[in-house]
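Since every read-out is calculated from the coordinates, none of them should be taken as a lab result. Because the structure is a prediction, the values reported are computed rather than measured. When we count neighbours, we look across all protein chains shown, and the Cβ atoms used for this are built from the backbone with ideal geometry, even at glycine.
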Amino acid sequence: QHPWQARLGVGIAMLLFAFIGMVVTDTISGGGFEYWKWIVPVYAILALWLSWYTHRDPDVVRLVSLWHEVLHWVGLILAVILISWFVHLGNLSRFNAGLVNLTLLALTVYLAGVYTEKTFLLIGIILGILAFLSAFVAQYLWLIILPVLVGGAVVIALIVWLSHRKTS
């Protein structure tokens, strides 16, 4: 059975978390840094679960592939910890660190889309767009981001629906 509901659910959850993060970044001074720092493991868990769910097959041992994916996300978590140290040492402001964390998350999600689950390609691109918009349009960011997120959710839903329709 095609796991379209799982892909749609994880995709929409990731976009919803992104929207919440942008609201937090826009409304709370320095809050975006904390939010993006703590949301990274949530994205990792969602991505690993979806990868496991869509590729679970008792006849195929995917242990090596699973370890590659785990290490992929561990690398992001270690990078976020390093950025936290830069903030602690005063080398990087909290706002800029939040942008860097969001950019790294966008890249990691995009690369997960390249190597494991195609749904993540679009989500990574949307996260990159959000990082770009955060840097330039902080005051009215949520007015711009909401249509981007809704559009992304609609595109993901269409892709999943078309993919499900082909397999039926």
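In the calculated pair distance distribution of region 72-168, what percentage of Cα-Cα distances lie above 22 Å? Pairs farther apart than 22 Å: 41 percent.
Note on TRP38 and ILE81: the extension gain reaches 14.4 nm, defined as 0.36 nm multiplied by sequence separation minus the Cα-Cα distance. For the chain, the fraction of C-alpha pairs more than 30 angstrom apart is 18%.
Here's the picture: charge each Lys and Arg Cβ at +1 and each Asp and Glu Cβ at -1 in region 22-123, and of ILE123, VAL109, PHE33 the one pushed furthest to the positive end of that dipole is PHE33.
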